[in-house]
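Here is the structure we will look at, set down as structure tokens.
The values are calculated or read from the model by the stated rules, or taken from the named source; none is laboratory data. In this text the structure is predicted, and so the values were computed from the model without any measurement. Neighbour counts run over all protein chains shown; Cβ positions are idealised from the backbone, glycine included.
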Amino acid sequence: MPFVKIWIHAVWATKKREPLLNKSIRQTIFEHIHQNALDKGIYMDIVNGHSEHVHCLFRLKNDQTISKVMQLIKGEPSFWINRQKLLKSKFQWQDEYFAVSVSESHVEDVRKYIRKQEEHHSKKTFKQEYQEFIDKYGFQVFKDKG
């Protein structure tokens, strides 16, 4: 039996980064994302975010890939939000996401960061946070030429 413990911090946004996750529905959506992941065999540690994006910390099992986990934790909740009619218009996530590994020694720091999203975004916009992730992790952004 393989022993695998790979922590992933993932972040994704609403379509066009629209601030659709208002305070009245945000926690319900985050709780659903968390429970849906657990139901699908994904060890979801914490989910939180702000009006236009979600952060989560999860562990990969030996037979899971980041792309498959992200498909599962973004796809069904989007369908669920629409089925529950939590918003007046059709809800969608953006296709892109960030996913970075987290060393065991930094797991608690990431949990705290995710837990304090409301406080964090009283001082910084998601656009600023997004750029910090790009810079900090050296992601290369390709602009559409069309």
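The number of residues in segment 1-30 being polar (S, T, N, Q) and either crowded, with 20+ Cβ neighbours inside 10 Å or closer than 15 Å to Arg111 by Cβ (or both) comes to 1.
State whether one or more residues within segment 46-60 are free of Cβ contacts under 8 Å to residues at least 24 places away in the same chain and of a type outside the set (Ser, Thr, Tyr). Within segment 46-60, none of the residues are free of Cβ contacts under 8 Å to residues at least 24 places away in the same chain and of a type outside the set (Ser, Thr, Tyr).
Residues of segment 86-110 that are under 13 Å from Asp45 (Cα atoms) and either β-branched (Val, Ile, Thr) or touching a Leu at 6+ places or on another chain (Cβ under 6 Å) (or both): Val102, Val107, Val110.
Answer yes if at least one residue in segment 71-78 is out of contact with any helix residue (DSSP H, G or I) (no Cβ under 8 Å at 6 or more places or on another chain) and acidic (Asp, Glu), and no otherwise.
No - not one qualifying residue is present in segment 71-78.
With the requirement that a residue be touching a helix residue (DSSP H, G or I) at 6+ places or on another chain (Cβ under 8 Å) and within 20 Å of Ser67 (Cα to Cα), what does segment 26-40 give you? Residues satisfying the conditions are His32, Ile33, Asn36, Ala37, Lys40. On the given criteria, is Ile73 among the β-branched types (Val, Ile, Thr), out of contact with any Phe, Trp or Tyr (no Cβ under 7 Å at 6 or more places or on another chain) and over 21 Å from Pro2 (Cα atoms)? The answer is yes for Ile73. Flag: Thr14 matches the condition of being of a type in the set (Ser, Thr, Tyr), in contact with a Phe, Trp or Tyr (Cβ under 8 Å, 6 or more places away or on another chain) and closer than 25 Å to Glu118 by Cα.
For segment 2-25, does any single residue satisfy the condition of being under 26 Å from Gln64 (Cβ atoms), of a type in the set (Gly, Ala, Ser), in a helix (DSSP H, G or I) and touching a strand residue (DSSP E or B) at 6+ places or on another chain (Cβ under 6 Å)? The answer is no, given that none of the residues of segment 2-25 is under 26 Å from Gln64 (Cβ atoms), of a type in the set (Gly, Ala, Ser), in a helix (DSSP H, G or I) and touching a strand residue (DSSP E or B) at 6+ places or on another chain (Cβ under 6 Å). Lys123 meets the conditions (1) within 16 Å of the chain's Cα centre (by Cα); (2) farther than 14 Å from Asp45 by Cβ in every case but one. The failed one is (1). Taken over segment 91-141, residues that are of a type in the set (Lys, Arg) and at pLDDT below 95 amount to 5.
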